[in-house]
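Derivation of every value follows stated rules applied to the coordinates shown; laboratory data play no part. As the structure is a computational prediction, the values presented were derived from the model and not from experiment. All Cβ positions, even for glycine, are placed from backbone atoms using ideal geometry, and neighbour counts span all protein chains on display.
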Amino acid sequence: MKKYHFIAIGGAVMHNLALALVQKGYQVSGSDDEIYEPSRTRLEKAGILPPAYGWFPEKITSDLDGIILGMHARIDNPELIRAQELGVQVYSFPEFIYNQSQNKKRVVIAGSHGKTSITSMILHVLKDQNVDFDYLVGAQIEGFDLMVRLSDAPVIVIEGDEYLTSPIDRTPKFFHYKHDIALVSGIAWDHFNVFPDFEDYKAQFSKFMDQTLKTGELIYCDADELVKEAAEKSLTGGKKTPYHAHPAEIKDGITYLQTDLGLLEIGIFGEHNLQNLQGAMEVCRALGVSTSEFYRSIPSFKGAAKRQEILATGKSGILFRDFAHAPSKLKATVNAVKNQFPERKLVAVQELHTYSSLNKDFLPNYANSMDATDVAVVYLNPHAVALKKLELMDEATLREGFKRPDLMLFTESQALKEYLLTQNYTKTNLLLMSSGNYDNLDLEPLKAKFNSNEA
């Protein structure tokens with residue numbers, strides 16, 4: 001029986017990989033200094049929840065087949081040091097995925113935005129078409145128990161992150177998957193704390209494209225000028241396939257694809273999602289799924305978690321939640337909701353939560369990103385700013401950065417909740433955007449306000 005130990009097992013993707021290995025029949029252990037829900041309950045149910053928080057070098061023994069090192073761990077982690085002393089193989093997450101999939105056709109979905117949605121669409125269609133495949137995706141998807149599957153399937157579809165691999169490997173994760181098929185959806189500056197130079201950030205995607213084998217395929221969004229430029233200059237000898245948004249039209253708040261067979265109703269919307277859908281279609285074609293088969297499967301796709309997720313619906317208003325936090329994601333989401341429901345007022349709330357978004361030097365990248373919303377609100381927690389050792393920005397600074405003179409700022413979760421609950425949502429959509437949770441803001445009263453037809 002293979003034996004693996006996870007350092008920082010509580011992460012969203014890390015604990016999913018741990019559970020996937022348990023399903024595969026491997027012996028799994030792990031450690032972490034904090035584990036939140038739902039990771040905690042899921043690990044406990046599988047019998048691999050660490051009995052205590054912290055790092056325990058005695059857990060690292062020479063009979064382990066490997067250590068899987070999470071990005072959350074520090075380079076001086078006691079368990080990591082012990083593993084290095086014993087000569088136990090240390091894998092980063094992406095290195096381990098590659099190790100388990102060397103004999104598969106590897107599809108990697110990359111981009112500053114859209115990669116989770118595209119990966120989710122591909123997974124949905126392949127499953128609906130009864131294709132056997134493995135996967136790694138960065139969000140929980142309806143119909144899939146885990147975010148990771150490793151089996152004997154001949155194909156694996158991977159959401160490829162450009163963020164750093166591990167504490168001991170400061171290169172982007174997506175370099176390690178050694179793809180056969182690559183898709184790049186968009187390039188927009190993100191991870192300001194890791195890539196302070198935009199030219200360096202763009203260069204990572206160029207290197208990734210160049211890795212495409214002569215026998216492989218590079219699928220890219222030519223509606224994104226930076227992606228188009230990089231792809232056209234790429235040194236890869238593989239096939240290059242450009243794509244842009246699938247033709248569609250909106251009727252009464254519903255999006256329909258324009259196809260040779262007529263209009264086809266889908267459950268997602270927005271120009272960016274129509275680009276995502278077309279990219280997913282190109283990948284599915286490369287894997288042998290026909291256009292007609294794709295059209296049969298995609299209408300039942302409802303989206304990935306926290307991607308234009310509908311939390312509640314009233315008579316004339318919808319409460320949305322979205323993961324958007326980077327400028328490009330924020331702008332795309334705001335525009336999508338407004339274009340889908342142009343007759344409705346749009347109230348948008350953006351939590352500045354990441355290092356990049358809380359950094360005053362990065363703030364100008366948010367200029368005009370909330371122009372399409374009728375009411376623009378920003379929430380930030382002074383404690384989160386202090387933890388990141390950054391300067392707390394005031395309302396005037398944020399208004400100038402967003403180029404939004406009427407922007408409202410809240411720095412207390414309770415005050416934001418009171419404000420939102422006092423608003424009238426008749427013919428109004430409320431869009432909550434964050435990679436965080438507004439400091440555990442209770443959304444149930446807001447859901448109740450919409451569900452009770454007050455909206």
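Multiplying the residue separation of Ala367 and Arg40 by 0.36 nm and removing their Cα-Cα distance gives an extension gain of 113.8 nm.
So if R0 is 30 Å, what FRET efficiency would Gln414 and Asp145 give, r being the distance between their Cβ atoms, rounded to the nearest 0.05? In this case the efficiency is close to 0.25. Listed by Cβ neighbour count within 10 Å, with the fewest neighbours leading, Lys345, Lys315 appear as Lys315, Lys345. If both residues of a DSSP beta bridge must be in the stretch 96-300, then about 40% of such bridges are antiparallel. In terms of its C-alpha gyration tensor, the chain has an oblate overall shape, because the principal axis ratio a/c (a ≥ b ≥ c, square roots of the eigenvalues) is not below 1.5 and a/b does not outweigh b/c. For the stretch 105-186, the equivalent ellipsoid built from the Cα gyration tensor has semi-axes of 21, 14, 12 Å, listed from largest to smallest. Ordered by the number of other Cβ atoms lying within 10 Å of each residue's own Cβ, fewest first, Ser31, Ser297 fall into the sequence Ser297, Ser31. For the stretch 239-375, the convex hull spanned by the alpha carbon atoms encloses 143 Å³ per residue. Oblate is the label for the stretch 3-88, because the ratio a/c of its alpha-carbon gyration tensor axes (a ≥ b ≥ c) is 1.5 or higher and a/b is not greater than b/c. In the structure displayed, which of Lys302/Lys331; Lys178/Lys360; Lys105/Lys331; Lys338/Lys417; Lys306/Lys449 lie more than 25 Å apart, Cα to Cα? Check vs 25 Å cut-off fails for Lys178/Lys360; Lys105/Lys331.
Calculated [222 nm] ellipticity per residue, helices only, for the chain: -9000 deg cm²/dmol; basis is -39500 (n - 2.57) per DSSP H run with n ≥ 4, divided by all residues, nearest 500. The distance linking the stretch 417-446 with the stretch 377-408 is 18 Å (Cα centroid to Cα centroid, whole angstrom).
Only Cα sites of the stretch 96-300 enter the Debye sum here, all with the same form factor; the resulting log10 I(q)/I(0) across q = 0.10 1/Å is -0.41, listed in q order. The gain in end-to-end length when the Met1 to Ala386 segment is fully stretched comes to 134.0 nm, 0.36 nm per residue minus the alpha carbon separation.
Of the residues Glu159, Glu309, the one with the fewest other Cβ atoms within 10 Å heads the list, and the complete ranking is Glu309, Glu159. Taking 7 Å steps out from each Cα toward its Cβ at Glu199 and Lys360 produces label points 2.7 nm apart.
When you have a sec, figure out the Kirkwood radius of the stretch 309-454 from all distinct Cα pair distances and drop it here in Å to one decimal? For the stretch 309-454, inverting the mean 1/r across all distinct Cα pairs yields 15.3 Å. Label zone (Glu265, point 7 Å along Cα-to-C-beta; backbone nitrogen cut-off 19 Å) within the stretch 289-308: 295-303. In this simple spin-label model, placing a label point 7 Å from the Cα along the Cα-to-Cβ direction at both Asn440 and Thr426 gives a separation of 3.7 nm.
The length gained by stretching the chain between Asp406 and Asp210 to full extension, at 0.36 nm per residue less their Cα-Cα distance, is 66.1 nm. A straight Cα-to-Cα reach below 13 Å connects Lys24 with the aspartates and glutamates Asp134, Asp152, residues fewer than 8 places away in its own chain not being considered. Direction-averaged projected area, Cα convex hull, the stretch 197-295: 7.5 nm², rounded to one decimal. Please name whichever of Asn77, Val22, Gln211 sits farthest to the positive end of the charge dipole of the chain, dipole taken about the Cα centre and charges placed at Cβ: Lys and Arg +1, Asp and Glu -1. Projecting each Cα onto the dipole axis, the largest value belongs to Val22. Give the lysines whose C-alpha is closer than 18 Å to that of Lys233, dropping any in the same chain fewer than 8 places away, or say none. Reachable lysines: Lys202, Lys207, Lys214.
Overall, the chain carries a charge dipole of about 660 debye about its Cα centre when +1 sits on the Cβ of Lys and Arg and -1 on the Cβ of Asp and Glu, all other atoms neutral.
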